[in-house]
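Below is one structure, written out as structure tokens; comments come after it.
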Amino acid sequence: MGGSQSTPKITAQDRAILDLKLQRDKVKQYQKKIQAVLDREHEIAKQQLAAGNKDRALSALRRRKYQESLLVKTDGQLENLEKLVSTIEFSLIEMSVLHGLQQGNEVLKQIHKEMDLESVEKLLEETQEAREYQREIDEMLASVLTVEDEEAVQSELKVLQGEAAEAEREPPLELPQVPQEQPAIKKGEDAEEEEPVSSRQRERVPVAA
């Protein structure tokens, strides 16, 4: 069975923003109703005036004027709701940024705590101790080996250095050149070249008297 997905936590700020947006939507719906009433009262006034009922036409226009004042009030309420929602949302963003900065500062403090002067000095001391230990090993080996052993080690080192230098100077491998084919000579051409020689040989034979 797979793990159940955790539902996002709804905070009090989220609920407040949601309630404000619901109120905003209700105000917008109310404005649409008022606009419909304004259009209807306008048509009634035109119809009553056309029918000669001036008083009814005036009454319709007065009702229309009152609805217009309500529409102006709802515009102000809607503007206040929009500003309040924007302010709360921006404040939440500022709070999130502030929280991120606080976490960043805590991380920096922790890093500085781990990399304090005492830790750095301890690291340097450990590095110096490692160098001293290596030096002691080198001195011990130098005292244990004989002169002949040291000379053999130096000779082996020179051989390795020479092999490394030779490997660097080794020329790149050259591929053998492909031999060029000689043009084939036809048999007929050989016969033609030999024929003049035979004629000269016959000319040199003395003719009997």
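Please treat every number below as a calculation from the coordinates, not as lab data. What you see is a predicted model, and the numbers here were worked out from it, not measured in a lab. All Cβ positions, even for glycine, are placed from backbone atoms using ideal geometry, and neighbour counts span all protein chains on display.
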From the option list Gln128, Gln154, Gln110, Gln134, single residue qualifying as within 34 Å of the chain's Cα centre (by Cα) and more than 30 Å from Arg24 (Cβ to Cβ) is Gln110
Just wondering, is there one or more residues in region 3-11 that are basic (Lys, Arg), free of Cβ contacts under 8 Å to residues at least 60 places away in the same chain and not in a loop (DSSP other than H, G, I, E, B)? no
